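Structure first, then comments.
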Amino acid sequence: MEERKRIAIFASGNGTNCENIIRYFQAKGDAEIAFVLSNKADAYALVRARRLGVKTVVMARNVFNDELAVMELMRREHVGFIVLAGFLLLVPPFLIDAFDHRMVNIHPALLPKYGGKGMYGRHVHEAVKAAGESETGMTVHWVTREYDSGAIIAQYKTAISPTDTVDDIAAKEHDLEMKYFPEVIDRIISGL
């Protein structure tokens, strides 16, 4: 299989996006998930990946910042594209450079609003609620050296109301991720 069609998914948490992406490409068959990497041995994303027959890798922060170790893993597994799906470590510059315009992240808001260091998960939805926004959404963007600052690839919006709780906002945004994130990845890798 072509190197560019082998995808590594990096995840730190529950892994709903990770599982959704794996299922999407297993059904479609024109790309393969090489492995799921997490910085947390107890990340449920790893359980989801193993259940679907996908290799998993746990890499502590100090190892993740070791260029020789990380790049050897990428070469050995013939990875051509990286997807960050709820991955909370800052990606080291050597990996960003090696996968320039071949690494994407998902953000649970309409960037450039509500992005940057510390803005992830529930923190984002709380900020959206506190600001009284009438809509929220998800953003897929290229990974660069600064949090959430890479060029936007795709955005999808959903209306929210003043009566929506933070959990309601999170659920509406998550529905967009489940519907669109795998399709956006597919479009990108098809164009590589």
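The values are calculated or read from the model by the stated rules, or taken from the named source; none is laboratory data. As the structure is a prediction and not an experimental result, all values here were calculated from the model. With ideal geometry, Cβ positions are generated from the backbone for all residues, glycine too; neighbour counts draw on all protein chains shown.
Numbers below:
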quantity	calculated
Single unsatisfied condition, residue 26 versus (1) farther than 25 Å from residue 98 by Cα; (2) of a type outside the set (D, E, K, R); (3) touching a residue at least 60 places away in the same chain (Cβ under 8 Å)	(3)
Residue within region 159-166 that is surrounded by fewer than 13 Cβ atoms within 10 Å (Cβ to Cβ), hydrophobic (A, V, I, L, M, F, W, C), part of a loop (DSSP other than H, G, I, E, B) and more than 14 Å from the chain's Cα centre (by Cα) present	no
Test: residue in region 111-129 that is at pLDDT 95 or above and either touching a Lys or Arg at 6+ places or on another chain (Cβ under 6 Å) or closer than 18 Å to residue 7 by Cα (or both)	no
Long-range neighbours under 8 Å by Cβ, at least six apart or interchain, first residue over 12 Å from residue 161 (Cα atoms) within region 125-138, second at pLDDT below 95 and in a loop (DSSP other than H, G, I, E, B)	127/119
Residue satisfying all of: in region 66-87; under 16 Å from residue 46 (Cβ atoms) and of a type in the set (Gly, Ala, Ser); surrounded by the most Cβ atoms within 10 Å (Cβ to Cβ) among these	85
Top-ranked residue of region 26-39 - restricted to ones that are surrounded by 18 or more Cβ atoms within 10 Å (Cβ to Cβ) and out of contact with any Lys or Arg (no Cβ under 9 Å at 6 or more places or on another chain), ranked as nearest to residue 80 (Cα to Cα)	37
From 63, 54, residue being without any contact (Cβ under 8 Å) to a residue 24 or more places away in the chain and over 26 Å from residue 152 (Cβ atoms)	63
